[in-house]
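*Asks:* Below is one structure. I have some questions about it.
Rule-based calculations on the coordinates, nothing more; no lab input. These numbers come from a predicted model, not from an experiment. FYI the Cβ positions are ideal-geometry reconstructions off the backbone, even for glycines, and counts take in every protein chain you see.
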Amino acid sequence: MSKINHIKHRRALDLVKPYIPGKPLWEVQKELQLDRVIKLASNENPIGPSTNALEVISNSLSTLNRYPDAHSVELKAAIASNLSLSTKQLIITNGADELITLISETYLEAEDEIIVPSPSFSEYDFGAHLMGAKVVPVPLDNHYQFNIDLIVSAVTDRTKLVYICSPNNPTGTYLPKSKLEELLQSLPDHILVVFDSAYSHFATNEDYTNGLEYVRAGFPIIVLQTFSKIYGLAGLRIGFGAAPRNIIQSILHVKEPFNVNSLAQAAAAAAIRDEEHIEKSKQVNTAGRDQLNKAFQELGLHYTESMSNFILVKFGPVAKEIYMQLLMKGIIVRYGNTWGMPEHIRISIGTPEENNILIEAISSILLTIQLKGETK
């Protein structure tokens, strides 16, 4: 037997399920030898990044021989000014994913518990399992709404964190402001609420909150934000957290000193100030969401009303077949089996042209499936 086989990994890794990303454009294009591929799988900004951010990146290339600012001073100042926060209430990370891991490293001991509404973003579970903590799933209701009573009833003496993703990935549903306040008032003082509002910019309902008002008010909450969605900087991997100062100080103990590269910091500072790009991105998303909702209604498809930049659609037993056929046509979407939802597909909102191509493809596939069933 090889000596390598005697090297044992931590037992906690037996529970860890690595995140499986959607197929990238180039891979599908090469694999299927297609001239055109449309990616509607990863909730990216279809109009691209801010031109201001691109200009700043170009101007920053000559300084790449220097280490990045370990404290992200300029970016923190830009975020603080934009969101009416103190720089002491901010932490900059390599995407929101790194922040989830840092929160787990800061607060979780073996056998501690976290509460996660289900289905939701799998990285919450990953961070907990990494630290040997237990994940306590609390199901969303039949309409994928959050049930505050169920969440509170799941709390034990071992509960350290409660995760809320709003708008929620993959359902697109959200927690209204009144319900978040109810949750914060109902939880014991030793519990930190991790409020992931990565998709907050796309929410249009008046009773939505991104959670930042509760940071300003000093509640035990940390709000997660990302530059990957509305700002179109997914390729740079940069995000941030906002929380009361003492929470930020605790997390900084486990953060690596140069965790965010200099190009990402400079681009993010420019992007958060680019109001024209932000507003255009919102308009494209709202119009695209309406466009897809109307099409799904006309096709007789059940979908979940979304406040995000994606829509969860129920196709039933043929969902996997539709996912594969769309892939063969060069349209990448996200099959719901990832979340234990084999009859669903999550579809990111694209440009008007991309949305039309998707609608035509789904119509054609559904017609083919129907005709096939009639001839059996």
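*Asks:* Over 10 Å intervals from 0, what percent of Cα-Cα pairs in the range 57-160 sits in each interval?
*Replies:* Over the range 57-160, the share of Cα pairs per 10 Å bin runs 13, 29, 28, 21, 8, 1 percent.
*Asks:* So what's the projected area for the range 140-273, the Cα convex hull averaged over all directions, in nm²?
*Replies:* Convex hull of Cα atoms, orientation-averaged projection: 9.3 nm².
*Asks:* Only four residue types carry charge here, +1 at the Cβ of Lys and Arg and -1 at the Cβ of Asp and Glu. Report the dipole size of the range 122-261 about the Cα centre in Debye, rounded to the nearest 20.
*Replies:* With only Lys, Arg, Asp and Glu charged at Cβ, the dipole is about 440 debye.
*Asks:* Continuing with this model, one more query. Compare the peptides 120-128, 278-286 by average per-residue count of other Cβ atoms within 10 angstrom and give them in order, highest first.
*Replies:* Most protected by this proxy first, the peptides run 120-128, 278-286.
*Asks:* What are the extents of the Cα atoms of the range 204-273 along their three principal axes, listed from largest to smallest and rounded to whole Å?
*Replies:* Principal-axis extents of the Cα atoms in the range 204-273, largest first: 35, 33, 16 Å.
*Asks:* Please give, to one decimal in nm, the separation of the simple spin-label points placed at Ala77 and Ala217, each 7 Å out from Cα toward the Cβ.
*Replies:* 3.2
*Asks:* With +1 assigned to the C-beta of every Lys and Arg and -1 to the C-beta of every Asp and Glu, and no other charges, what is the dipole magnitude of the chain about the Cα centre in debye, to the nearest 20?
*Replies:* About 860 debye.
*Asks:* Tell me, in nm to one decimal, what length is gained between Val254 and Lys88 on full extension, where the rule is 0.36 nm per residue of separation less the Cα-Cα distance?
*Replies:* Extra length from Val254 to Lys88 when fully extended: 58.1 nm.
*Asks:* About its Cα centre, what dipole magnitude does the range 75-151 give when the only charges are +1 on Lys and Arg Cβ and -1 on Asp and Glu Cβ, stated in debye to the nearest 20?
*Replies:* For the range 75-151, the charge dipole is close to 440 debye.
*Asks:* Share of Cα-Cα pairs in the range 239-376 beyond 28 Å, in percent?
*Replies:* 40
*Asks:* For the charge dipole of the chain, defined by +1 on Lys and Arg C-beta atoms and -1 on Asp and Glu C-beta atoms about the Cα centroid, which residue among Thr173, Leu64, Thr101 has the Cα displaced farthest towards the positive pole?
*Replies:* About the Cα centre, the residue reaching furthest to the positive side is Leu64.
*Asks:* Given the pairs Lys177/Lys229; Lys179/Lys294; Lys76/Lys255; Lys76/Lys229; Lys39/Lys314, which are separated by over 25 angstrom at their Cα positions?
*Replies:* Lys179/Lys294
*Asks:* Here's something else I'd like to know. Which is farthest toward the positive dipole end of the range 204-262 among Leu252, Tyr214, Leu224, measuring Cα position about the Cα centre, with Cβ charges +1 (Lys, Arg) and -1 (Asp, Glu)?
*Replies:* Of Leu252, Tyr214, Leu224, it is Leu252.
*Asks:* Shifting gears a bit: Report, in deg cm²/dmol and to the nearest 500, the calculated mean residue ellipticity at 222 nm for the chain, where each DSSP H run with n ≥ 4 adds -39500 (n - 2.57) and the sum is divided by the residue count.
*Replies:* -12000 deg cm²/dmol
*Asks:* Report, for the range 168-279, the % of DSSP beta bridges that are antiparallel, rounded to 5.
*Replies:* The antiparallel proportion sits near 55 percent.
*Asks:* I want the antiparallel fraction of DSSP beta bridges within the chain, as a percent rounded to 5.
*Replies:* About 45 percent, rounded to the nearest 5.
*Asks:* Among Ile238, Ile91, Ile57, whose mean-square fluctuation peaks in a Gaussian network model of the chain (Cα, cutoff 10 Å)?
*Replies:* Ile57
*Asks:* With all distinct Cα pairs included, what does the Kirkwood hydrodynamic radius of the chain come out to in Å, to one decimal, could you say?
*Replies:* So the Kirkwood estimate lands at 22.0 Å.
*Asks:* Given labels modelled 7 Å from the Cα in the Cβ direction, how far is it in nm from Arg158 to Asn59?
*Replies:* 5.3
*Asks:* What does the net charge come to around Gln89 if you take all other residues with beta carbon closer than 14 Å to its beta carbon, with K and R at +1 and D and E at -1?
*Replies:* Local charge sum for Gln89: +3.
*Asks:* Write out the trypsin sites (Lys or Arg not before Pro) in the range 62-133 meeting two conditions: DSSP loop, and at most 15 other Cβ atoms within 10 Å of their Cβ.
*Replies:* Counting only loop positions with at most 15 other Cβ atoms within 10 Å, the trypsin sites (Lys or Arg not before Pro) in the range 62-133 are Arg66.
*Asks:* Order 323-336, 92-105, 150-163 from most to least packed using the mean count of other Cβ atoms within 10 Å.
*Replies:* Answer by packing, highest mean first, reads 92-105, 323-336, 150-163.
*Asks:* Calculate the FRET efficiency for Glu105 and Leu371 from the Cβ-Cβ distance with a Förster distance of 56 Å, rounded to the nearest 0.05.
*Replies:* For Glu105 and Leu371, the calculated efficiency is 0.55.
*Asks:* Here is a further query. State the percent of C-alpha pairs, over all pairs in the range 200-316, separated by a distance greater than 26 angstrom.
*Replies:* Of all Cα-Cα pairs in the range 200-316, 37 percent lie more than 26 Å apart.
*Asks:* Which angle between 0 and 90 degrees, to the nearest 10, do you get for helix 352-374 versus the longest principal axis of the chain when only C-alpha atoms count?
*Replies:* 50
*Asks:* At 7 Å along Cα-to-Cβ for each site, give me the label-to-label distance between Tyr67 and Glu182 in nm.
*Replies:* Taking the simple label geometry, Tyr67 and Glu182 are separated by 4.9 nm.
*Asks:* Of Thr304, Asn285, His344, whose Cα points farthest to the positive end of the dipole of the range 284-376 (charges on the beta-carbon: +1 Lys, Arg; -1 Asp, Glu; origin at the Cα centre)?
*Replies:* Ranked along the dipole, the leading option is His344.
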